[in-house]
Amino acid sequence: MKKRGDRQRQSTPTLWMVACAVAGVVMTAGCASPKNHAPVEDRNPVIRPAPTAAPAVAAPVVDALKPLPGAENAGKAGYYSVKPGDTLIRVGLENGQNWKDLVRWNNLDNPNIIEVGQVLRVVPPGTDATAAGARPVTQAKVETRPLDVKAAASAPSASSAPATAVVAAASAPQPAVVPAVPTVRDADDEITWSWPAGGPVATPFNDSTSKGLAITGKAGDPVLAAADGRVVYAGSGLRAYGNLVILKHNNTYLTAYAHNQILLVKEDQAVRRGQKIAEMGSSDADRVQLHFEIRKQGKPIDPAKLLPPR
């Protein structure tokens with residue numbers, strides 16, 4: 001029979017071996033844990049690419065390479081490259097055209113949106129733009145119109161007319177005698193010009209500082225069409241002009257009437273020389289005045305060279 005001490009000595013190695021085996025399993029399991037591999041996978045961008053990264057970068061590159069409308073015509077005669085601050089109304093005024101024609105010629109979906117660098121056609125399709133600007137400036141000639149009082153003076157005198165006719169004429173109401181407005185006919189374009197307002201000229205034409213004449217007056221004074229034409233713009237969409245009327249007289253001439261108090265015409269309306277088209281005001285100006293421009297093929301010229309002497 002074995003003693004108790006012998007049994008304890010025999011069981012000790014067995015327990016020690018079991019403990020070592022358990023420790024080995026734990027260490028092996030710890031080394032095989034995915035926690036040790038996760039940092040390596042996260043630090044490698046090739047293994048886990050962002051699925052939306054490529055489209056986000058590619059889109060701006062495609063837009064940047066897209067050419068602006070009409071870019072192939074940049075620098076050609078009859079075309080205009082849009083500058084910062086331009087509107088279609090201003091482009092029309094600068095090139096002597098109706099802004100609605102520009103919409104048609106350039107197939108614009110939205111006339112309120114034009115891009116800087118975009119190239120617009122500013123002459124009708126099929127027009128030779130180089131020949132359009134080659135016409136010489138001719139000297140305007142003054143046209144004299146007889147006054148009503150002269151016509152009355154050419155009638156038979158009262159002494160030769162029957163007495164009954166004299167009495168009848170004296171009793172009839174007499175119309176007010178309006179002096180004839182001096183006019184000038186442009187020999188090149190067959191336009192008869194007259195002054196658009198009766199006030200004094202406060203600021204003369206200056207090609208660098210004043211594109212027209214500043215004619216002063218009182219608020220509400222009549223503003224008259226300087227020649228026969230058609231309204232191509234009536235509104236306040238052109239900065240620094242206030243309430244503005246633009247008339248197109250032919251393929252060569254436009255006139256502009258700015259800073260009005262009230263506009264009395266609408267776009268596409270035909271007007272006659274001397275017709276009241278607005279009332280003088282101070283919209284977008286520091287005083288009551290009419291800013292009057294004459295533009296020949298879009299270029300401002302001195303109105304005093306075409307208007308008759310006062």
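The values are calculated or read from the model by the stated rules, or taken from the named source; none is laboratory data. Quick caveat: nothing in here was measured; it's all calculated off a predicted structure. Note that each Cβ is placed from the backbone with ideal geometry, even for glycine, and that neighbours are counted across all protein chains shown. When the accessible area is computed, the model is the full protein with side chains, heavy atoms only, and any ligands, DNA or RNA have been set aside. Shrake-Rupley method; radii C 1.70, N 1.55, O 1.52, S 1.80 Å.
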Hey, does region 171-179 have a residue that's under 30 Å from Gly85 (Cα atoms), assigned to a loop (DSSP other than H, G, I, E, B), open to solvent by less than 60 Å² (accessible area, probe 1.4 Å) and at pLDDT below 95? no
Reported set for region 295-310 where residues are small (Gly, Ala, Ser) and within 18 Å of Trp99 (Cβ to Cβ) is Gly298
Looking at (1) open to solvent by 20 Å² or more (accessible area, probe 1.4 Å); (2) assigned to a loop (DSSP other than H, G, I, E, B), which one does Pro308 not meet, given that it meets all the others? (1)
Can you give me the number of residues within region 239-284 that are open to solvent by 30 Å² or more (accessible area, probe 1.4 Å), among the aliphatic types (A, V, I, L, M) and part of a loop (DSSP other than H, G, I, E, B)? 2
Looking only at residues in region 285-305 that are more than 13 Å from Ile246 (Cα to Cα) and part of a loop (DSSP other than H, G, I, E, B), which one is nearest to the chain's Cα centre (by Cα)? Gln297
Name the residues in region 87-96 that are open to solvent by 30 Å² or more (accessible area, probe 1.4 Å) and outside any helix (DSSP H, G or I), would you? Thr87, Asn95
Within the group Ile294, Ile277, Ile246, which residue is touching a residue at least 40 places away in the same chain (Cβ under 8 Å) and over 16 Å from Gly212 (Cα atoms)? Ile277
